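Visitor: Attaching a single structure in structure tokens format; questions to follow.
The values are calculated or read from the model by the stated rules, or taken from the named source; none is laboratory data. Note that this is a predicted model, so its numbers are computed, not measured. Cβ coordinates were reconstructed from backbone atoms using ideal geometry, including for glycine residues, and neighbour counts include every protein chain displayed. Calculation scope for accessible area: heavy atoms of the full protein, side chains included, ligands and nucleic acids excluded. Shrake-Rupley method; radii C 1.70, N 1.55, O 1.52, S 1.80 Å.
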Amino acid sequence: MLTNINTSQSIGEIVAVLPRASEVFRKYNIDFCCGGNRPLAAAIQEQQLDEAEVLQKLEEVRFETRELTKRVNLREMKSGELIGYIVATHHAYLQKALPETGELTAKILRAHGSNHRELFRVHKLFNNLRTELEQHLIKEEELLFPLINKYEAGPSDKLAGEINRVMKETEEEHEGAGDILKELRKITADYTVPADGCRTFEKAYSMLQELEGDLFQHIHLENNILFKRYEL
């Protein structure tokens, strides 16, 4: 467990050893998946955040986490186990959440699009994201993860090179998904439901926000933990 938190540490490192730090980073819109290599100090400075306040929130989470020492330490999992966890937890979630959220964004566009033109952009962005993610999951499950498992069974320079090539493509796709999520959050004013929004509107924005949180954690596990083991 992380015992001392300081702003010189990378954002990804902090979340890797203190998973609940992701809750704090989401609150302050600090990118911990695609921007995980940056030191925390850089994000605080760029976004003009109160450093003492951010560190205090992280310390509170660290203290609470000490009481949960029996939790699975994802960073200590073997690669095959971590891949299994990612597929069973995050891939399974997306398989269910993407079609459900797609239906909701279409419904609110039809019902409220004339009064809330931003919903046309929300609908388009989400469907771009959905298409990218559906292909991305197949690439991971049918190409990247089998390559990693094969390497674990019998390491070779050829396999390592192939893994790095596919990992680079995957990280670029993560970056693209992160950009779409940031734009969705911006055009929805942090998923603020308008006064005339119905329950379906609320559910759609709630699902989009939940999907964002799960996807950021998903990308973090890959970029900052799993992929780090195979970088050349």
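Visitor: Mind ranking 43-49, 224-230 by how tightly packed they are, going by the mean number of other C-beta atoms within 10 angstrom, highest first?
Guide: Taking the mean over residues of other Cβ atoms within 10 Å, the ranking is 224-230, 43-49.
Visitor: Same structure, new question: Report the label-to-label distance for Gln56 and Gln9 in nanometres (one decimal), using points 7 Å from each Cα along the Cα→Cβ vector.
Guide: Here the modelled spin labels are 2.0 nm apart.
Visitor: If packing is taken as the average number of other Cβ atoms within 10 Å across a peptide's residues, how do 145-156, 202-213 rank, most packed first?
Guide: Highest mean packing first, the order is 202-213, 145-156.
Visitor: So, in Å, what gap is there between the alpha-carbon centers of region 188-232 and region 136-183?
Guide: The distance from the Cα centre of region 188-232 to that of region 136-183 comes to 21 Å.
Visitor: Here is a follow-up. Farthest toward the dipole's positive end in the chain, which of Ala204, Ile83, Asn127, given Cβ charges of +1 (Lys, Arg) and -1 (Asp, Glu) about the Cα centre?
Guide: Going by the charge dipole, the pick is Ala204.
Visitor: Which of Lys124/Lys168; Lys96/Lys150; Lys107/Lys186; Lys78/Lys150 have a Cα-Cα distance over 18 Å?
Guide: Long pairs (Cα-Cα over 18 Å): Lys124/Lys168; Lys96/Lys150; Lys107/Lys186.
Visitor: Please report the carbon-and-sulfur percent of the accessible area for the chain; probe 1.4 Å, protein heavy atoms only, DNA, RNA and ligands left out.
Guide: 49 percent
Visitor: Is the shape of region 129-232 best called rounded, prolate or oblate, per the rule: a/c under 1.5 gives rounded, else a/b larger than b/c gives prolate, else oblate, with a ≥ b ≥ c the square roots of the Cα gyration tensor eigenvalues?
Guide: Prolate shape, in that a/c is at least 1.5 and a/b is the bigger ratio.
Visitor: Identify which of the listed values of log10 I(q)/I(0) by the Debye sum over Cα atoms at q = 0.07, 0.13, 0.17 Å⁻¹ was calculated from the structure shown: (1) -0.30, -0.90, -1.25; (2) -0.25, -0.85, -1.28; (3) -0.44, -0.88, -1.13.
Guide: Here log10 I(q)/I(0) by the Debye sum over Cα atoms at q = 0.07, 0.13, 0.17 Å⁻¹ agrees with entry (2).
Visitor: Which of the listed residues, Leu49, Asn6, Gly213, is farthest toward the dipole's positive end in the chain, when Lys, Arg count +1 and Asp, Glu count -1 at the beta-carbon?
Guide: Gly213
Visitor: About its Cα centre, how strong a charge dipole does the chain have in debye, to the nearest 20, once Lys and Arg get +1 and Asp and Glu get -1 at the Cβ?
Guide: 360 debye
Visitor: Further question: Hey, what do the phi angles of region 12-23 turn into as Karplus ³J(HN,Hα) couplings, whole Hz, using 6.51/-1.76/1.60 and θ = phi - 60°, x for Gly and Pro?
Guide: Values per residue, Gly and Pro as x: x, 4, 5, 5, 4, 9, 9, x, 6, 4, 4, 5 Hz.
Visitor: In Å², and per residue, what accessible area does the chain have when probed at 1.4 Å with the other protein chains present?
Guide: Normalised by residue count, the accessible surface of the chain is 53 Å².
Visitor: Let's test the formula: R0 of 22 Å, r as the Cβ-Cβ distance of Thr200 and Asn128. What FRET efficiency results, to the nearest 0.05?
Guide: Taking R0 as 22 Å, the efficiency between Thr200 and Asn128 is 0.55.
Visitor: Tell me, what HN-Hα J-couplings in whole Hz come from the Karplus equation 6.51 cos²θ - 1.76 cosθ + 1.60 at θ = phi - 60° for each residue of region 106-123, using x for Gly and Pro?
Guide: Couplings: 5, 5, 6, 5, 5, 7, 10, x, 5, 9, 10, 4, 4, 5, 5, 6, 4, 4 Hz.
Visitor: Figure the gain on full extension for Val87 and Ala106 (residue separation times 0.36 nm, minus the Cα-Cα span) and round it to one decimal in nm.
Guide: Gain in length upon complete extension: 4.1 nm.
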